[in-house]
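Visitor: Have a look at this one before I ask anything.
The values are calculated or read from the model by the stated rules, or taken from the named source; none is laboratory data. Predicted, not measured: the structure shown is a model, and the values here were computed from it. In this analysis, Cβ positions are derived from the backbone assuming ideal geometry, glycine residues included, and neighbour counts consider all displayed protein chains. Note: areas computed on protein heavy atoms with side chains; ligands, DNA, RNA excluded. Shrake-Rupley method; radii C 1.70, N 1.55, O 1.52, S 1.80 Å.
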Amino acid sequence: MNFISSIYLWLLPLISIPLLIYLFNKNRLKDIHFSSLIFLNKIKSDSIKRINITNILLLIIRTLIVLFFILMMTRPTYNSYYNSNNNIDALVIIAVDNSVSMSNNLNDIKNITKNITSSFSDETNIKIIELGNNEVIYRGKKKEIDSLNKIKIKKTFKPITSKSINKITDDNYDNLNIFLFIVSDGQNHFSNPSINIPNNKNFHLHYIYTNKEKRNLSIKQIDIDKNILLPNDTFKISVTIENNGNIDIEDSFASLIINETHSGKEYLSITRREKDTIEFEASIPNYGEHLCKIVLSDDDILEDNTYYFTINIPKSIEIDIISNKSNIYLENALNAFNVKEDIIKVNYYTLNTYLDKKINANILFIIGMSNISNELKKKIYNLNKFPYFKVIVIPEINDKNLDSISNFIDQNKQIDSKRVNYAENNYMEIKSQKINDPFLASIYRDIPTRNIKIFNYIEMDSDKNTVMRLENNKFLLNRFILNRKKVELNLLSISLNLQSSNWPLKGSLIPFIQNLITTKNLMDYTDIHKQLKEMKIYKNSKIISPKGRTLTFATINENSLLNELGFYKKTINSHDSYFSVNLGEKELSSKYVEYEKIGDFLNKEIVCFNTPKNAAAYVDNIIVGNDLWKFFLYLVIIFLFIEMFLNSIYIRND
């Protein structure tokens with residue numbers, strides 16, 4: 001026998017209370033005055049014996065009542081095979097993985113549920129839970145299971161992990177026997193962290209593997225070979241595609257669609273669990289924002305067959321420069337973008353004139369550390385016009401240190417920096433193997449002919465914000481993300497002149513400047529797991545979803561998630577633009593595990609089955625608990641009636 005609430009066994013000494021009361025009352029003597037002993041002769045000896053027997057019976061019954069009541073509180077159980085008593089107290093929980101990869105299985109949940117519960121009695125409680133939001137979508141008896149026809153399981157774009165299962169296993173249940181069936185397709189998203197196994201011996205966990213033959217390609221990643229485009233410029237888009245199904249795929253294809261026009265098609269043959277990268281070459285004739293997508297031919301999972309993105313060809317980029325004098329090298333680098341057409345528009349200011357003006361550009365160059373002030377920081381931080389603002393700080397050759405940068409990054413932080421000037425023929429070079437920006441790394445890494453010689457710079461240690469560093473591990477370019485990710489501050493340690501380095505003479509300066517002034521990726525997209533506040537959207541923007549649903553972005557919903565894939569239209573001040581939303585990386589990169597290996601990433605206490613019927617057959621041979629508390633309740637009631645009956649006899653005889 002087992003006890004669910006064994007702590008109440010500590011109350012067993014209380015069964016001695018009836019005996020103590022009996023002994024206490026027995027020793028209490030009462031003086032009764034009477035005139036003659038003649039009345040005592042009328043009491044027969046057998047009558048006295050009956051009273052003593054009644055007292056003993058009452059003592060035993062009262063002791064048993066206390067004992068049975070305590071045992072009832074402890075909820076005693078005994079074990080048996082399920083098929084020998086299928087009227088046991090049981091709750092069947094069916095936890096449905098409703099992620100995108102399970103799309104084709106969701107319509108069959110009713111049949112899966114019927115097969116799983118075929119071994120259980122009609123009075124068994126059934127609960128069906130969607131793991132995406134841990135939402136209970138059905139609660140009822142097995143005999144009412146036909147009502148499942150009215151239930152539609154909605155797929156979720158959220159990543160489903162073992163945390164969803166743990167919310168179920170960590171819950172408290174009144175039922176003695178809990179049967180949890182996890183219905184999933186073998187994605188390894190339950191492996192980390194592991195599933196919590198309850199201490200309750202009568203909590204049974206099962207995994208129903210539904211992944212049969214699955215034909216599926218998914219788009220893992222897309223890249224473009226340029227950062228800035230002009231109309232009619234040729235560019236290349238590379239697409240990485242993975243076969244994450246369990247059969248080889250031949251004669252599939254991928255298409256590039258720009259503004260609903262087919263711009264390219266590539267055929268694919270990828271063996272299971274392998275990747276392939278294809279390239280599309282295209283050009284776009286007009287300025288503006290262009291809606292693009294890569295589309296795969298249909299397979300078993302449609303949601304990961306389309307990857308949405310936008311390509312933005314800005315007609316102009318407006319840049320403000322705060323400087324006390326002109327810098328010919330910066331001017332030449334910016335003018336290099338205006339060879340074909342005037343893309344870059346530059347406005348020059350002093351610090352005072354900039355503080356007094358209305359800001360129309362979200363890119364600002366600051367030449368000279370004396371042009372940095374706390375007032376400038378406040379002006380930039382208080383801007384609500386731009387979702388993102390870029391600041392590029394370049395010291396002058398006569399600046400001794402970088403102390404004034406603390407106005408931006410941290411006024412309480414001590415800036416330890418000093419000017420270093422090497423003697424003739426001595427210099428520092430870029431540490432090309434430690435560049436923390438993919439675009440800059442592609443320019444300077446492993447290309448010795450582009451070596452940059454630094455003669456004169458302001459020295460400061462590298463840290464977590466360092467993007468480029470020198471050979472002595474001092475920083476060359478630091479990048480700070482400030483003001484709740486709305487401001488990006490780029491800080492150089494060198495001046496942009498020949499006294500500081502030979503960089504102004506190098507052609508690689510132009511792509512370096514290009515990297516600094518790019519505020520929006522040429523190719524732009526986001527995933528569905530990002531909150532609205534992470535998407536660089538203006539407050540009060542009106543957003544229209546791909547299916548036409550409308551919302552206004554405000555503080556009250558900035559933590560909200562989107563729930564549709566595709567192109568979203570956003571409108572602010574009568575200006576329309578778009579952003580694209582795709583499946584999250586976790587869903588796209590999740591691997592499928594074969595049934596034979598499913599146990600390798602699940603807890604060993606979880607029993608796996610490849611069909612619901614096998615699970616039902618297994619249930620018949622599970623040792624389950626049978627509750628005895630009702631039996632003891634009935635005994636308590638019976639003994640209470642007996643006690644009242646005997647007590648009435650005792651009183652009458654007394």
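Visitor: For segment 170-211, which positions are of a type in the set (Gly, Ala, Ser) and surrounded by 21 or more Cβ atoms within 10 Å (Cβ to Cβ)?
Guide: Ser184, Gly186 - these are the residues of segment 170-211 that are of a type in the set (Gly, Ala, Ser) and surrounded by 21 or more Cβ atoms within 10 Å (Cβ to Cβ).
Visitor: Only one of (1) within 38 Å of the chain's Cα centre (by Cα); (2) polar (S, T, N, Q); (3) open to solvent by 40 Å² or more (accessible area, probe 1.4 Å) is not met by Asn451, so which one is it?
Guide: Every condition holds for Asn451 apart from (1).
Visitor: Still on this model: Any chance segment 247-261 includes a residue that's touching a Ser or Thr at 6+ places or on another chain (Cβ under 8 Å), outside any loop (DSSP other than H, G, I, E, B), exposed (fewer than 14 other Cβ atoms within 10 Å of the Cβ) and among the charged types (D, E, K, R)?
Guide: Checked against the condition, which is being touching a Ser or Thr at 6+ places or on another chain (Cβ under 8 Å), outside any loop (DSSP other than H, G, I, E, B), exposed (fewer than 14 other Cβ atoms within 10 Å of the Cβ) and among the charged types (D, E, K, R), segment 247-261 yields at least one hit.
Visitor: Here is a further query. Exactly one of these conditions fails for Ala333: (1) within 30 Å of Val393 (Cβ to Cβ); (2) in a loop (DSSP other than H, G, I, E, B). Give me its number.
Guide: Here Ala333 clears every test but (2).
Visitor: If you don't mind, another one. If we scan segment 314-325, do we find a residue that is more than 30 Å from Met369 (Cβ to Cβ), modelled with pLDDT of 85 or more and among the β-branched types (Val, Ile, Thr)?
Guide: no
Visitor: Any residue that is within 36 Å of the chain's Cα centre (by Cα), under 17 Å from Glu488 (Cα atoms) and open to solvent by less than 70 Å² (accessible area, probe 1.4 Å) - is there at least one of those in segment 420-434? Break it down into steps so the answer makes sense when it comes.
Guide: Residues of segment 420-434 within 36 Å of the chain's Cα centre (by Cα): 432-434.
Cutting the leftovers down to under 17 Å from Glu488 (Cα atoms) gives us none.
Scanning segment 420-434, I find no residue that is within 36 Å of the chain's Cα centre (by Cα), under 17 Å from Glu488 (Cα atoms) and open to solvent by less than 70 Å² (accessible area, probe 1.4 Å), so the answer is no.
Visitor: Tell me yes or no: at least one residue of segment 134-142 is surrounded by fewer than 17 Cβ atoms within 10 Å (Cβ to Cβ) and among the hydrophobic types (A, V, I, L, M, F, W, C). Before the answer, list the steps.
Guide: Going through segment 134-142, the residues surrounded by fewer than 17 Cβ atoms within 10 Å (Cβ to Cβ) turn out to be 134-136, 139-141.
Those still in the list that are among the hydrophobic types (A, V, I, L, M, F, W, C) too: 136.
Checking segment 134-142: at least one residue is surrounded by fewer than 17 Cβ atoms within 10 Å (Cβ to Cβ) and among the hydrophobic types (A, V, I, L, M, F, W, C).
Visitor: Going by the structure shown, is Lys400 part of a loop (DSSP other than H, G, I, E, B), open to solvent by 60 Å² or more (accessible area, probe 1.4 Å) and within 23 Å of Asn327 (Cα to Cα)? Quick ask: steps written out before the conclusion?
Guide: Details: part of a loop (DSSP other than H, G, I, E, B): yes; open to solvent by 60 Å² or more (accessible area, probe 1.4 Å): yes; within 23 Å of Asn327 (Cα to Cα): yes.
For Lys400, the condition - part of a loop (DSSP other than H, G, I, E, B), open to solvent by 60 Å² or more (accessible area, probe 1.4 Å) and within 23 Å of Asn327 (Cα to Cα) - is met.
Visitor: Okay, moving on. Being among the acidic types (Asp, Glu), under 23 Å from Leu477 (Cα atoms) and open to solvent by 50 Å² or more (accessible area, probe 1.4 Å), is that true of even one residue in segment 369-389? Steps first, answer last, please.
Guide: Of the residues in segment 369-389, the ones among the acidic types (Asp, Glu) are 375.
Subsequent filtering for residues that are under 23 Å from Leu477 (Cα atoms) retains none.
Taking every residue of segment 369-389 in turn, none turns out to be among the acidic types (Asp, Glu), under 23 Å from Leu477 (Cα atoms) and open to solvent by 50 Å² or more (accessible area, probe 1.4 Å).
Visitor: Take Asn407 and decide whether it is open to solvent by less than 40 Å² (accessible area, probe 1.4 Å), modelled with pLDDT under 95 and of a type outside the set (Asp, Glu).
Guide: Considered against the rule, which asks whether it is open to solvent by less than 40 Å² (accessible area, probe 1.4 Å), modelled with pLDDT under 95 and of a type outside the set (Asp, Glu), Asn407 comes out as yes.
Visitor: Could you check segment 274-296 and list, in sequence order, the residues that are under 21 Å from Ser218 (Cβ atoms) and among the β-branched types (Val, Ile, Thr)?
Guide: Across segment 274-296, the qualifying residues are Thr277, Ile278, Ile294, Val295.
Visitor: Condition first: touching a strand residue (DSSP E or B) at 6+ places or on another chain (Cβ under 8 Å) and over 30 Å from Glu341 (Cβ atoms). Can you find one or more residues in segment 225-239 that meet it?
Guide: No, segment 225-239 contains no residue that is touching a strand residue (DSSP E or B) at 6+ places or on another chain (Cβ under 8 Å) and over 30 Å from Glu341 (Cβ atoms).
Visitor: Take Gly264 and tell me if it is buried (at least 16 other Cβ atoms within 10 Å of the Cβ), small (Gly, Ala, Ser) and in contact (Cβ under 8 Å) with a residue 24 or more places away in the chain.
Guide: no
Visitor: What are the residues in segment 351-392 that are among the charged types (D, E, K, R) and touching a residue at least 24 places away in the same chain (Cβ under 8 Å), if any? Break it down stepwise before answering.
Guide: If we filter segment 351-392 for residues that are among the charged types (D, E, K, R), which is where we start, we get 356-358, 375, 377-379, 385, 390.
Scanning segment 351-392 gives Lys377, Lys379, Lys385, Lys390.
Visitor: Restricting attention to segment 197-243, which residues are closer than 30 Å to Lys604 by Cα and β-branched (Val, Ile, Thr)?
Guide: Hits for segment 197-243 are Ile197, Ile208, Thr210.
Visitor: Taking segment 461-497 as the region of interest, how many residues are part of a loop (DSSP other than H, G, I, E, B), surrounded by 14 or more Cβ atoms within 10 Å (Cβ to Cβ) and without any contact (Cβ under 8 Å) to a residue 40 or more places away in the chain?
Guide: Total satisfying the criteria: 2.
Visitor: Determine whether Asn199 is in a loop (DSSP other than H, G, I, E, B), without any contact (Cβ under 8 Å) to a residue 24 or more places away in the chain and at negative phi. Show your work before the answer.
Guide: Working: in a loop (DSSP other than H, G, I, E, B): yes; without any contact (Cβ under 8 Å) to a residue 24 or more places away in the chain: yes; at negative phi: yes.
Yes, satisfied.
Visitor: Any chance you could count how many residues in segment 425-476 are farther than 20 Å from Ile513 by Cα and among the basic types (Lys, Arg)?
Guide: So the count comes out to 2.
Visitor: Mind listing whichever residues of segment 212-243 are in a loop (DSSP other than H, G, I, E, B) and open to solvent by less than 10 Å² (accessible area, probe 1.4 Å)? Walk me through it before giving the result.
Guide: Residues of segment 212-243 that are in a loop (DSSP other than H, G, I, E, B), as a first pass: 212-216, 225-233.
Those that are in a loop (DSSP other than H, G, I, E, B) and open to solvent by less than 10 Å² (accessible area, probe 1.4 Å): Asn216, Leu229.
Visitor: A further question follows. Within segment 104-130, can you find the residues that are of a type in the set (A, V, I, L, M, F, W, C), over 13 Å from Asp146 (Cα atoms) and touching a Ser or Thr at 6+ places or on another chain (Cβ under 7 Å)?
Guide: Ile128 - this is the single residue of segment 104-130 that is of a type in the set (A, V, I, L, M, F, W, C), over 13 Å from Asp146 (Cα atoms) and touching a Ser or Thr at 6+ places or on another chain (Cβ under 7 Å).
Visitor: Filter segment 519-539 for residues that are modelled with pLDDT under 85 and open to solvent by less than 30 Å² (accessible area, probe 1.4 Å) and give the result.
Guide: Leu522, Met523, Met535, Ile537
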